[in-house]
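*Asks:* One structure follows; several queries about it will come next.
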Amino acid sequence: MFSHLDVHTLLVVFTVNLIAVALALPLLMGLKVSAAARRAQWSMGLQAVGWVCLIASSRWAGTVFDLLLSTASMAALSASLVLLWKALQRWISPRDGHWTMWSLAVLMPLAYALGFEHYAFRVGIANAVLALQMGLLCVELLRPTEQASWRWRALLALAMALQSVVTSWRGVLGAFFTSAYPHFESPHPVNIAAALVSNLTLLLVAASLLMAYREEAERQLRALAITDGLTGLLNRRAWSERAAALLADARRYGHPLIVLMLDLDHFKVVNDQHGHAKGDAALMLVARLLREQLRTGDLAARYGGEEFCLLLSHTREGAAIALDQRLRQTLRRVSTEELGFPIDYSAGLAAFHADHQTLDDMLRRADHALYEAKHAGRGQLVIAP
Ligand SMILES: Nc1nc2c(ncn2[C@@H]2O[C@H](COP(=O)(O)OP(=O)(O)OP(=O)(O)O)[C@@H](O)[C@H]2O)c(=O)[nH]1
């Protein structure tokens with residue numbers, strides 16, 4: 001059915017489409033994108049360079065240009081898969097393994113160039129390594145993860161699996177049936193099928209990369225909506241929603257729970273004496289220390305300008321007082337070391353102890369205790385009755 005198709009034309013069409021996709025991605029995504037999206041863009045760009053070099057190499061078959069261009073092509077194709085791997089690491093979740101991918105991308109073109117005179121060897125090894133890299137990408141994509149939707153992962157995995165199969169076929173033909181596949185444009189049915197599959201998988205890859213990029217942008221927007229821009233802590237609204245849910249759990253299961261409100265002391269003086277930038281640095285430092293000191297499950301928010309609010313779940317008064325002391329000492333020491341002046345805060349603590357209490361009740365009690373701490377001379381914790 002496909003025997004009248006011409007491999008050279010199919011591969012040229014594929015390469016033209018590949019160039020179009022490589023140019024369209026930065027246009028559609030923009031140039032100021034995340035590291036993952038940038039790597040995906042470069043991956044398609046390198047793949048296009050690889051195919052242009054490979055097709056150009058056939059013009060100078062058997063010459064030194066053939067050696068140079070086809071080796072460059074193998075290097076570019078293999079490196080493009082490494083970049084795709086690195087994009088996936090960010091989009092799916094960080095996982096080691098890029099050293100294996102990089103080693104393959106360095107060793108394969110080297111072996112290809114050194115064994116250039118031995119067609120069966122170089123075609124076999126190049127296609128085997130490319131197919132292996134695609135297979136590894138496919139496995140990585142199919143690994144269960146909560147972080148990325150299965151739709152684009154499945155689409156990209158399908159593309160990688162198909163491409164890996166046809167690339168292995170090419171390798172087997174080149175290595176063991178050399179007379180049937182004397183060059184990469186040979187009109188062998190397997191080669192025609194491979195060229196058709198490449199055109200199909202290009203579409204799948206482009207679509208899934210755009211879906212992955214959109215998903216990442218949506219995730220970033222959602223994160224922006226719930227976090228404070230300066231400190232990266234939860235903002236007041238997000239904290240209140242999550243705190244209300246934790247409070248409902250505490251009420252249902254009878255867990256102890258604490259609300260702790262912190263307000264930095266004499267912060268206006270910090271801004272006036274050291275400048276607004278140092279004031280911002282102080283707020284970021286407090287946020288960093290809170291992140292370091294709190295347990296998973298606790299919630300920290302920047303509640304107002306220089307006010308922070310903590311919800312400590314499964315925590316009794318004694319443990320909260322110990323946390324306050326630890327945090328206060330660390331803040332005094334680290335602010336002196338890093339900012340050049342000490343920072344302290346006043347705090348109000350409210351423990352959950354009455355079944356009918358709402359989050360607003362606890363916040364009111366904590367706020368009142370904080371007010372008393374300020375009036376009692378600052379730099380201290382007051383426990384609400
Ligand atoms: N640098 C910086 N300063 C902020 C930010 N938000 C609020 N502030 C400052 O925090 C200061 C709060 O001042 P006040 O409410 O008078 O409180 P204070 O000086 O800390 O005094 P006490 O709370 O009574 O100890 C103001 O000078 C605000 O400009 C911010 O995002 N960055």
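*Asks:* Once you mark the trypsin sites (Lys or Arg not before Pro) that are in a DSSP loop and have at most 11 other Cβ atoms within 10 Å, what is the longest gap between them in the chain?
*Replies:* Counting at most 11 other Cβ atoms within 10 Å as exposed, the longest clean stretch of the chain is 33-294.
*Asks:* Can you run the Rg to Rh ratio on the range 27-115? Use alpha carbon positions and the Kirkwood inverse-distance Rh.
*Replies:* Using only Cα positions, Rg/Rh for the range 27-115 is 1.07.
*Asks:* Continuing with this model, one more query. If a helix is a whole DSSP H run, which ones in the chain reach 30 Å or further along their own axis (Cα) and hold a mean Kyte-Doolittle hydropathy of at least 0.0?
*Replies:* Those that clear 30 Å and a mean of 0.0 are 7-29, 35-57, 64-91, 119-142, 150-176, 189-226.
*Asks:* Spin-label point model (7 Å from Cα, Cβ direction): what's the Val64 to Ser149 distance in nm?
*Replies:* Going by the 7 Å Cα→Cβ label model, 5.3 nm.
*Asks:* Could you please report the charge total around Tyr119, scoring K, R as +1 and D, E as -1 over all other residues with beta-carbon less than 15 angstrom from its beta-carbon?
*Replies:* -1
*Asks:* Within the chain, how many Lys pairs sit with Cα atoms under 23 Å apart, leaving out pairs fewer than 8 places apart on the same chain?
*Replies:* Close lysine pairs under the 23 Å cut-off: 4.
*Asks:* Antiparallel versus total DSSP beta bridges in the chain: what percent is that, nearest 5?
*Replies:* 80 percent
*Asks:* For the range 236-383, state the semi-axes of the equivalent ellipsoid (square roots of 5 times the eigenvalues of the alpha-carbon gyration tensor), sorted largest first and rounded to whole angstrom.
*Replies:* They are 27, 15, 14 Å, listed largest first.
*Asks:* Next question. According to the Kirkwood expression over distinct Cα-Cα pairs, how big is the hydrodynamic radius of the range 174-259, in Å?
*Replies:* With all distinct Cα pairs of the range 174-259 included, I get 18.6 Å.
*Asks:* Something else now. Per Stokes-Einstein, at 25 °C and 0.890 mPa s, what whole-number D in µm² s⁻¹ belongs to the chain, with the Kirkwood radius over Cα pairs as the hydrodynamic radius?
*Replies:* 98 µm²/s
*Asks:* Tell me the Kirkwood hydrodynamic radius of the range 7-224 in angstroms, computed as one over the mean inverse distance between distinct C-alpha pairs.
*Replies:* So the Kirkwood estimate lands at 17.6 Å.
Coordinate-derived values only; no laboratory data. This one's a predicted model, so the numbers in the text were calculated from it and none came from an experiment. Using ideal geometry, Cβ is built from the backbone for each residue, glycine included, and neighbour counts are taken over all protein chains shown.
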